[in-house]
Amino acid sequence: MKNIEFLRFLNLKGPNIWTYRSALEVWIDIGELEDFPSNTIPGFPDRLTTWLPSLIEHRCSYEERGGFVRRLHEGTWPGHILEHVTLELQNLAGLPGGFGKARETNVRGVYKVVVRARHETVTRAALYAARDLVMAAIEDRPYDLDATLSKLRRMVDRLCLGPSTACIVDAADERRIPTIRLSEGNLVQLGHGCKSRRIWTAESDQTSAIAEGISRDKDLTKSLLETCGVPVPEGRLVESPEDAWEAAQDIGLPVVVKPCDANHGRGVFIDLNTREEIETAYKVALEEGSGVLVERFVPGLEHRLLIVGGKLAAAARGEPIFIVGDGKSTVQDLLDELNRDPRRGLLEEHLLDPVLLEREPAAVLELQRQNLTTESVPAAGRRILLLRNGNVSSDITDLVHPSVAAAASLAARIVGLDIAGVDIVAEDISRPLQDQGGAIVEVNAGPGLLMHLKPSDGKPRPVGEAIIDNLFGPEENGRIPIVGVTGTHGKTTIARLIARIVHLSGKHVGLACGEGLYFGERQIERGNRANWDAAHRVLLNRAVEAAVFENGSAAILAEGLAYDRCLV
């Protein structure tokens, strides 16, 4: 019976005999397929490349585009094919990685297949899916590739780093700063031991809890900014729908009504002119936060300026969201068509949010203003406004006036944020705010970075590099001295002697060896700790100034190393 059987999995979590990156090594038995290379199975290469046309990009041993497809037609074995199909499924699911190897063992039909594994669970699932796909192509059976990719993409979204965190990690990697994921979420350590820093999406260990608390309180933020001379819209907290209307009259119509402590634009209503609109907006805004603000309406578009370490790193502009009638479709039909844009979705990887009326009361109010419901059929060519400040997506970094950038930087410093998303409403971001009545309307902690990484218009900005450069100086790499010891006999004794000598030099030393795990002169655990887990614990300890690791051959083969380079 022709089949591919998985015999053994090895999760190589660090540098290993195959690659400096984490990888998954699987031993497979192809059985009778050893006698059936790909060129002997009628139609197999064409069926496989029809399902996965992007395999044409795999260069393989020929080191040229189409190299792997050429190997398929010339004849290659299932282990090699499994390697390439697994990598391509991961690429299509949003988990890129080009490293793969397939090697024969001394047992006929048994192969070692090694593929890059950014996340073991996802790569293991991709291997199983690749086996099913390859067998379906061999046996000329149908295969639901869309369902497989959908499942893998959901896994990537659920289990892997989000795009904002990933861009910072990639920037650290470019500077050869080691990274360690600390949780199933987006908490990541950059560097080792006492030289390490931490990030959580676009927040760092320099982001204070006080600053984050201030940024969540919109009224307090505005008060502090106003005190320091930063232009903000006039307004105040209100306690009832009636009070909201009184505040609007005092400020002057039109006004903005928004929660005092919500985020992501939830419950924000702008350009309100009537008592009915203001009182309706108050009730919705109150549901989104613990209080409600009424502010002067500032004409113009909303701009998001990303401030990192007091400097402008990127800027994006929000555009109003419209739908256009065709004389046949209802408003709901047009909305559904708008949301079918592949850039729109609820996952973090999506650049634009879907417009869902149940989540956008401001859009419902805009429809009511235009005497429309979801069942209305707008005339052909009629533009219908849904949101006045929609998704922020167009890069305008090069257009920002220096005085506007300085005001945004000052706002971030006043709040106390090292990384801040400063929202500015202005008609022309290339002019000073005071010349046009523009204002800073919010200062946000943990700003999203995707709009700057994948703008719908304009060039991407290296925001990950800006954050890394703010955390580490030009000559810093987040590394502590590491000594690695391996060999046949005497490894433990040598490792302990080295650790003692380093300790006598005045450094706090972490040691993982065959006799236990040590921090300084204190033994934390007894027994053999010459393994990846113990070494990993040493590198996580922010008191450790130097590390000594014993590395046995069995641990290197089964787990890989916990570190990517050592001093000695």
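The values are calculated or read from the model by the stated rules, or taken from the named source; none is laboratory data. Note that this is a predicted model, so its numbers are computed, not measured. No Cβ is skipped: glycine too gets one built from the backbone with ideal geometry, and neighbour counts run over all protein chains shown.
Quick rundown of the values:
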| read-out | value |
| --- | --- |
| Unmet requirement for Cys194, which otherwise passes all of (1) over 24 Å from Ile480 (Cα atoms); (2) part of a helix (DSSP H, G or I); (3) of a type in the set (A, V, I, L, M, F, W, C) | (1) |
| Residues satisfying the stated conditions in region 432-488, i.e. under 22 Å from the mean Cα position of the chain (by Cα), modelled with pLDDT under 95 and closer than 30 Å to Leu557 by Cα | none |
| Cβ pairs under 8 Å, 6+ apart, first in region 170-192 and free of Cβ contacts under 8 Å to residues at least 60 places away in the same chain, second charged (D, E, K, R) | Thr179/Asp173; Leu187/Arg181; Leu187/Arg198; Val188/Arg181; Val188/Arg198 |
| Flag if Ile494 is out of contact with any Cys (no Cβ under 6 Å at 6 or more places or on another chain) and part of a helix (DSSP H, G or I) | yes |
| Test set (1) touching a residue at least 60 places away in the same chain (Cβ under 8 Å); (2) under 36 Å from the mean Cα position of the chain (by Cα); (3) part of a helix (DSSP H, G or I) - Leu24 fails condition number | (3) |
| Residue match in region 39-54 (condition: under 30 Å from Gly162 (Cβ atoms), assigned to a helix (DSSP H, G or I), of a type in the set (Gly, Ala, Ser) and not assigned by TED's automatic domain parsing to the domain that holds Thr179) | yes |
| Qualifying residues in region 70-125 (those that are among the charged types (D, E, K, R), part of a helix (DSSP H, G or I) and more than 22 Å from the chain's Cα centre (by Cα)) - the one surrounded by the most Cβ atoms within 10 Å (Cβ to Cβ) | Glu83 |
| Residue identified as in contact (Cβ under 8 Å) with a residue 24 or more places away in the chain and under 22 Å from Ile168 (Cβ atoms) among Val404, Val443, Val400 | Val443 |
| Subset tally (residues that are more than 24 Å from the chain's Cα centre (by Cα) and among the aliphatic types (A, V, I, L, M)) for region 311-363 | 10 |
| Check on His489, touching a residue at least 24 places away in the same chain (Cβ under 8 Å) and of a type outside the set (A, V, I, L, M, F, W, C) | no |
| Check on Ala166, in contact with a helix residue (DSSP H, G or I) (Cβ under 6 Å, 6 or more places away or on another chain), assigned to a helix (DSSP H, G or I) and among the hydrophobic types (A, V, I, L, M, F, W, C) | no |
| Subset tally (residues that are hydrophobic (A, V, I, L, M, F, W, C), closer than 19 Å to Arg565 by Cβ and touching a helix residue (DSSP H, G or I) at 6+ places or on another chain (Cβ under 9 Å)) for region 483-520 | 5 |
| Test: residue in region 324-333 that is among the aliphatic types (A, V, I, L, M) and more than 30 Å from Arg154 (Cβ to Cβ) | yes |
| Residue among Lys491, Lys507 that is closer than 30 Å to Val26 by Cβ and of a type in the set (Lys, Arg) | Lys491 |
